[in-house]
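The values are calculated or read from the model by the stated rules, or taken from the named source; none is laboratory data. Bear in mind that the values here come from a model prediction, so they are computed numbers and not experimental data. Methodologically, a virtual Cβ is constructed for each residue, glycine included, from the backbone with ideal geometry; neighbour enumeration extends over all protein chains shown. Accessible surface is based on the protein model in full, side chains and every heavy atom, while ligands, DNA and RNA are left aside. Shrake-Rupley method; radii C 1.70, N 1.55, O 1.52, S 1.80 Å.
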Amino acid sequence: MSQLNGSLEAVKVQYENKVCTITMARPEKNNGLDLQMRKELWAIFAALKEDNETQVVVLTGQGTHFSYGTFDPASRGATDKDTIVRMVLEGNMLIDDLENLPQITIAAVNGPARGSGVEISLACDIRYAAASASFQQHEADMGGFPGGGAPLRLPMIVGYARTIEMLCTARAVPAGEAKDYGLVLDVFPDEGFLDEVVQRAQYMATKGPIGLRGTKRVAKVRQAPGKADARLLSNKLRRELEFSRDVAEAIDAHKEGRSPVFLGY
């Protein structure tokens, strides 16, 4: 892992006591997942896949935000639709790579998470939140639905009805409420938050690697049925959504400072 550090610009990596801490480091952009960050995360995940020493991975954000994802109305309006579809599908593969790591993965959600920033946390095995954290899938406000796996993973974490409510209201769920839902295991004060999470990760990393990795493999197999079909449907609907009148209306409404009028096509 250490050989990657010299080539990283948007991500920081620290390794200690069999724990790899990955920090998304674009605080001036709320740690948004731009092309450079996605490339670097891809390289890190590829290296971790072959890493037999690292037993636990912690993913967090630099500064006051976890990650604001990839798109907002302004960036969507400035990007052609074919590129958006390609970026969403590539983002799916990146998040799948995170989910499929052999190590135990922990999302240390240090502040607000939005869009694909939330979806990255959902691909982790465990989520801890700082008191200032919140979780928001805002896609319904733009006439769409999350493309990075939230409709696939969230029902297994918080249940079907809560998933529908969270995704279809597009509201921000604060940390305490997220704990009540089972979305996060625990909430800690902002001060010292990452130290607390890393300490827990290092304690877990002292356990037997065969036990850690075996437990994860069995649990993942138990969750697998249905996920592939759901992903295929999500990808199929993605292009129809991006070329819909409703998405164009959401972008226009944002530019004009008004509420969008959705017609369902």
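Overview of results
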{"quantity": "Number of positions in the range 20-36 that are of a type in the set (S, T, Y) and under 12 Å from L8 (Cα atoms)", "calculated": "1"}
{"quantity": "Qualifying positions in the range 63-81 - surrounded by fewer than 21 Cβ atoms within 10 Å (Cβ to Cβ) and at negative phi", "calculated": "T64, D72, P73, A74, S75, R76, G77, A78, T79, D80, K81"}
{"quantity": "Qualifying residues in the range 91-122 (those that are in a helix (DSSP H, G or I) and among the polar types (S, T, N, Q)) - the one nearest to G208 (Cα to Cα)", "calculated": "S121"}
{"quantity": "Filter result for I84 (open to solvent by less than 10 Å² (accessible area, probe 1.4 Å), part of a helix (DSSP H, G or I) and touching a residue at least 12 places away in the same chain (Cβ under 8 Å))", "calculated": "yes"}
{"quantity": "Check on G115, modelled with pLDDT of 95 or more, touching a Pro at 6+ places or on another chain (Cβ under 8 Å) and at positive phi", "calculated": "no"}
{"quantity": "Pick from the range 175-195, criterion without any contact (Cβ under 8 Å) to a residue 60 or more places away in the chain and charged (D, E, K, R), ranking: farthest from E165 (Cα to Cα)", "calculated": "D195"}
{"quantity": "Identity of the residue in the range 221-247, within 15 Å of I95 (Cβ to Cβ) and of a type in the set (A, V, I, L, M, F, W, C), that ends up least open to solvent (accessible area, probe 1.4 Å)", "calculated": "A230"}
{"quantity": "Residue within the range 22-30 that is small (G, A, S), at pLDDT below 95 and open to solvent by less than 30 Å² (accessible area, probe 1.4 Å) present", "calculated": "no"}
{"quantity": "Count of residues meeting criterion [surrounded by 19 or more Cβ atoms within 10 Å (Cβ to Cβ) and either among the acidic types (D, E) or not in a strand (DSSP E or B) (or both)] in the range 39-61", "calculated": "7"}
{"quantity": "Of the criteria (1) open to solvent by 70 Å² or more (accessible area, probe 1.4 Å); (2) assigned to a helix (DSSP H, G or I); (3) in contact with a Gly (Cβ under 7 Å, 6 or more places away or on another chain), which one F262 fails", "calculated": "(2)"}
{"quantity": "From the options E99, E119, residue that is of a type in the set (D, E, K, R) and over 8 Å from the mean Cα position of the chain (by Cα)", "calculated": "E99"}
